[in-house]
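Below: one structure, written as structure tokens.
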Amino acid sequence: MSELLDIFLASLRDGFVQVSAFVAVTVLLFSYVQYRTDGRLVRRLEENRRAGPLVGALMGLTPGCGGAIVMMPLYVRGSVSFGTVVATLIATAGDSAFVILALAPEAALYAYGIAFVSAVVFGYLIDTVGLGVGRVDRAV
């Protein structure tokens, strides 16, 4: 039983460290780009809100949840739309992306393609039609 517990704890520790490190790199990379461009990236998103869902979907394609971690504070500050956040979340495969990329890269490309198109379509739909977004915006 002790050996089984050791294997479980080692797997848990290794998975947590590897995923957390990748997410941290994604967030640090975005922050670094923001720093090097003196905040122009977010300003451009604020000025060109129509590009938001497309950018959100691209951010969501990064493995792990780094894209969502970057976009949520931007929404709370009013820098991006709710459609942008939804596009990011739809495109996000989260930590499962690591598994599918490693074990079935062709399936990953197919899944990511469908997720990206769906994310962009629904992100723009939400920004255009609303779908109750006013209540969400008032809550934030």
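The values are calculated or read from the model by the stated rules, or taken from the named source; none is laboratory data. Remember, it's a predicted structure, so these values are computed and weren't measured experimentally. So basically every Cβ, Gly included, is an ideal-geometry build from the backbone, and we count neighbours across all protein chains shown. Surface accessibility is based on the protein's heavy atoms, side chains included, excluding ligands, DNA and RNA. Shrake-Rupley method; radii C 1.70, N 1.55, O 1.52, S 1.80 Å.
Filtering the range 50-81 to residues that are over 16 Å from the mean Cα position of the chain (by Cα) and modelled with pLDDT of 90 or more leaves only 50. Residues that are open to solvent by less than 20 Å² (accessible area, probe 1.4 Å) and closer than 17 Å to residue 127 by Cβ number at least 1 in the following helices (runs of 4 or more DSSP H) confined to the range 24-116: 40-47, 52-60, 66-76, 82-91. Scanning the range 56-83 for residues being in contact with a Leu (Cβ under 8 Å, 6 or more places away or on another chain) and farther than 24 Å from residue 21 by Cβ gives a total of 3.
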